[in-house]
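What follows is one structure encoded as structure tokens, with my remarks underneath.
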Amino acid sequence: MCGIAGVASSASGFDKENERMCLDILKNLRHRGPDQKGVFTDAHIALGHQRLSIIDLSESAKQPMTNEDGSIWLSYNGEIYNYRELRKTLIAQGHVFGSHTDSETILHLYEERGTDCLKDLRGMFAFAIWDQKKKQLFLARDRLGIKPLYFAEKNGRFLFASEAQALARTNPLYGQLGTQGISYFLQQGSIPPPFTIFKEIHCLEPGHYLLWKPDRPFSIHSYWNLAEILQIQDQTPFHKERLQTLFLEAITQHLTSDVPLAILLSGGMDSSALVALASRSSQAPIHTLSLGFEEAEYDESDYAKLVSRHFKTHHHECKMGAGDVVHEITPFIQAMDQPTGDGLNTFLVSRQAKAMGFKVLLSGLGGDEVFSGYAHFKRLDVVYALHKILAQTPRNLKPGIISLLKVIARFSGLSGASRLDYLMHADVTDVYRVYRGLFSFDLVQKLLGRRLEPASFSLDSKRPLAGLVSNLDRATYMEFTYYLHDQLLRDTDIMSMRHSIEVRVPYLDHVIVSEILSKNFGGRFDPAEHKRWLKEIVKPDFPESILRRPKQGFTLPIAHWMRTSCKERVASQFESGGSARLPLEASVMQSVWKQFLSGKIHWSLPWSLFILSHWFENFSNTETNVSA
């Protein structure tokens with residue numbers, strides 16, 4: 001796990017500015033790889049790397065890394081879990097290895113297969129390969145976007161890095177903030193690719209690669225698509241032994257490490273199942289780590305201890321209280337690459353993991369997406385039916401119908417009632433904002449002080465959704481593509497790497513994802529039994545109390561903290577009208593805070609505004625302005 005960076009130019013002759021800019025980017029990525037820094041330069045490119053040593057700690061594994069004749073150079077971030085099998089095949093084909101790291105496998109596989117090397121890689125990765133003979137830069141991300149990669153192109157220069165802010169801080173040209181990103185954040189709590197909070201910086205989408213040459217525009221290509229997996233609709237019945245085998249294989253690979261490793265254990269179904277399967281896969285002692293809270297209703301530490309005792313793990317626990325958190329707000333926001341209302345849990349537990357000497361953590365992230373575990377999955381048919389009806393309703397009648405629906409939803413105690421106004425729009429992706437959105441569309445317009453056209457999602461969102469046959473498949477695609485990628489995975493990477501910690505996510509092994517999501521939707525989702533397939537593969541040696549537990553979700557007591565220890569800090573941000581550079585209406589922001597204090601709205605709304613305003617203040621490029 002590392003930080004990668006590069007600057008390429010189309011100018012003829014050696015460009016010293018490439019190396020200077022690359023070194024500037026690396027300064028802002030040092031936390032991602034404090035063990036070693038490396039830079040390779042030639043006439044067209046400066047390729048940089050900050051190394052966090054996990055596999056093969058020797059000097060022979062340093063990066064940027066080259067092949068036998070020095071014609072191909074690699075800067076890579078991630079883990080290739082099937083590298084040992086690939087290595088054996090490549091050696092048999094005549095390739096000579098100079099290290100025992102997974103990184104070198106990518107180099108030789110690229111020599112053998114070119115960009116098709118991506119089809120053989122099983123893991124999480126973002127990498128850059130500079131092919132001197134072809135004069136071609138090859139950037140790629142893993143299928144599900146576990147590892148990040150950002151790029152920008154301006155004035156004949158192409159830049160890329162593991163974090164958007166590392167690019168933004170190199171030059172005010174790249175650090176210009178855009179209102180489009182702010183609008184996305186207010187509507188759904190995240191910014192979908194290819195957009196970022198920065199107007200000139202773009203996110204390479206999961207399952208895609210980019211090719212750049214000095215003499216032509218860059219091109220982006222897809223090599224894996226989740227929608228195509230969901231469209232298979234395999235009718236083959238659930239095969240417990242097959243799924244068990246795939247999970248045990250994946251977890252065994254994820255446990256490979258030359259440095260101390262622990263499993264994050266909340267006591268919920270996903271993390272507990274991970275511990276159960278790891279205990280079958282590993283002969284070595286398993287370490288588990290949990291984050292508990294003094295607020296009893298949010299604390300799952302007793303369940304975590306139960307699982308630890310059952311599987312005889314070496315358990316480590318850290319408890320947080322309201323008084324502790326107030327001191328973490330500033331470093332938490334300083335760690336943010338882009339604004340997010342999430343990620344505080346990963347920030348806190350990663351800091352504890354580092355203090356305890358761990359360098360790698362396994363997480364149950366992705367279990368809810370793979371096994372359709374979210375509560376709103378049970379209500380999808382109702383929301384999609386409303387959207388279908390309203391799509392055929394005359395526009396002048398929609399406001400009245402939606403107002404009535406809001407009243408009914410509020411009296412029924414349903415969450416997201418205020419966001420039903422997104423059903424005014426014909427785009428099926430707006431259904432997603434009803435159950436996963438942040439502010440209502442009306443409140444977004446009030447905050448921005450202007451009328452908006454409804455922001456579309458990713459440029460390619462409608463086409464894959466059109467080929468999906470069920471509401472469950474549509475929701476699954478949206479959860480993976482937006483909430484999981486844009487928020488959970490992005491925040492997990494940023495917050496863990498701030499503490500130089502690598503987080504691995506076995507549930508998102510693409511072989512497992514493909515195996516489960518290619519099945520017919522009727523077979524893999526049972527509204528009467530939560531995560532039935534996952535429960536089947538961990539039986540019989542599994543605590544019955546965990547199997548019977550209702551889903552709780554790992555939620556922090558932020559609402560309580562905002563009313564107690566953090567109240568003064570949060571209130572001051574609203575009372576001052578927020579950051580002067582944030583283009584939001586101060587009176588509307590203050591109204592949101594007052595409504596939270598009176599118990600009228602969910603805590604996530606004022607928290608997100610507080611984070612957004614604080615992030616703008618923290619972003620220190622004073623020459624940066626906000627533009628449309």
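The values are calculated or read from the model by the stated rules, or taken from the named source; none is laboratory data. Computed from a predicted model, the values in this text were never measured in an experiment. Please note: Cβ atoms are built from the backbone with ideal geometry, for glycine as well, and neighbour counts cover all protein chains shown. The accessibility values were calculated without ligands, DNA or RNA, using every heavy atom of the protein model including side chains. Shrake-Rupley method; radii C 1.70, N 1.55, O 1.52, S 1.80 Å.
Structural remarks
- Taking Lys62, Lys213 and ordering them by how much accessible surface each has at a 1.4 Å probe, largest first, produces Lys62, Lys213.
- Estimated 222 nm signal from helices in the chain, with DSSP H stretches of n ≥ 4 weighted -39500 (n - 2.57), rounded to 500: -11000 deg cm²/dmol
- Rg/Rg_globular for segment 5-72, with Rg_globular taken as 2.2 N^0.38 Å and Rg from C-alpha atoms: 1.17
- Straightening the chain between Glu585 and Lys567 buys 4.4 nm, computed as 0.36 nm per residue apart minus the Cα-Cα spacing.
- Contour excess over end-to-end distance, with Cα ends at Glu536 and Asn225 and 0.36 nm allotted per residue: 109.2 nm
- Cα-Cα over 29 Å, subset of Lys134/Lys199; Lys199/Lys531; Lys199/Lys378; Lys398/Lys446; Lys378/Lys406: Lys134/Lys199; Lys199/Lys531; Lys199/Lys378
- Cα gyration tensor category, rounded, prolate or oblate, for segment 115-213 with a/c compared to 1.5: oblate
- Scalar couplings 3J(HN,Hα) for segment 184-192, obtained by applying the Karplus form with A = 6.51, B = -1.76, C = 1.60 to θ = phi - 60°, are 4, 4, 5, 6, 9, x, 7, 10, x Hz; x denotes Gly and Pro.
- Here the relative contact order of segment 5-160, from alpha carbon pairs under 8 Å that lie six or more residues apart, stands at 22 percent.
- Straight-line cross-link reach from Lys16 at under 20 Å between alpha-carbon atoms covers these lysines, not counting any fewer than eight positions away in the same chain: Lys27, Lys37, Lys135, Lys154, Lys213.
- The calculated FRET efficiency for Glu17 paired with Asp120, based on their beta-carbon distance and R0 = 41 Å, is about 0.65.
- Structural descriptor for the chain: relative contact order 16 percent, calculated from alpha carbon pairs under 8 angstrom and at least 6 residues apart.
- For the chain: accessible area per residue (Å², 1.4 Å): 38 Å²
- Segment 227-283-segment 574-621 distance, computed between alpha-carbon centres (Å): 40 Å
- Accessible surface of Lys567 - all protein chains present, 1.4 Å probe, nearest 10 Å²: 90 Å²
- Extended-chain gain in nm, criterion 0.36 nm per residue less alpha-carbon gap, Ala528 and Ser279: 86.8 nm
- With Cα atoms defining each centre, segment 381-395 and segment 103-141 are spaced 46 Å apart in the structure.
- Straight-distance candidates among the aspartates and glutamates for linking to Lys567, with alpha-carbon spacing under 17 Å and chain neighbours fewer than 8 residues away dropped: Glu295, Asp324, Glu328, Glu575.
- Simple label model, 7 Å out from Cα along Cβ direction - Arg450 to Leu306, nm: 5.4 nm
- Working from Cα pairs under 8 Å separated by at least six residues, relative contact order for segment 79-202 is 16 percent.
- Centroid-to-centroid separation of segment 323-345 and segment 181-201 [C-alpha atoms, Å]: 19 Å
- Whole-Hz ³J(HN,Hα) from phi, Karplus 6.51 cos²θ - 1.76 cosθ + 1.60, for segment 345-351, glycine and proline x: 4, 5, 4, 5, 6, 5, 4
- All Cα pairs of the chain, percent lying beyond 32 Å: 49 percent
- Each 10 Å bin, from zero up to the one with the longest distance, holds this percent of the alpha carbon pairs of segment 1-160: 11, 43, 36, 10, 0.
- Karplus 3J(HN,Hα) series, Hz, for segment 436-446 with 6.51 cos²θ - 1.76 cosθ + 1.60 (x for Gly, Pro): 10, x, 10, 8, 5, 4, 4, 6, 4, 5, 5
- Of Lys305, Lys398, the residue with the largest accessible area leads and the full order is Lys305, Lys398 (1.4 Å probe).
- Hypothetical label at Ile408: residues of segment 373-387 whose amide nitrogen lies under 18 Å (7 Å Cα-Cβ projection): 379-387
- Equivalent ellipsoid, segment 182-299 (semi-axes from 5 times Cα gyration tensor eigenvalues, Å): 35, 24, 19
- If you look at the Cα atoms of segment 311-354, you get an Rg and a Dmax of 12.6, 39 Å.
- Total formal charge among the other residues, if their Cβ is under 10 angstrom from that of His31, Lys/Arg +1 and Asp/Glu -1: +2
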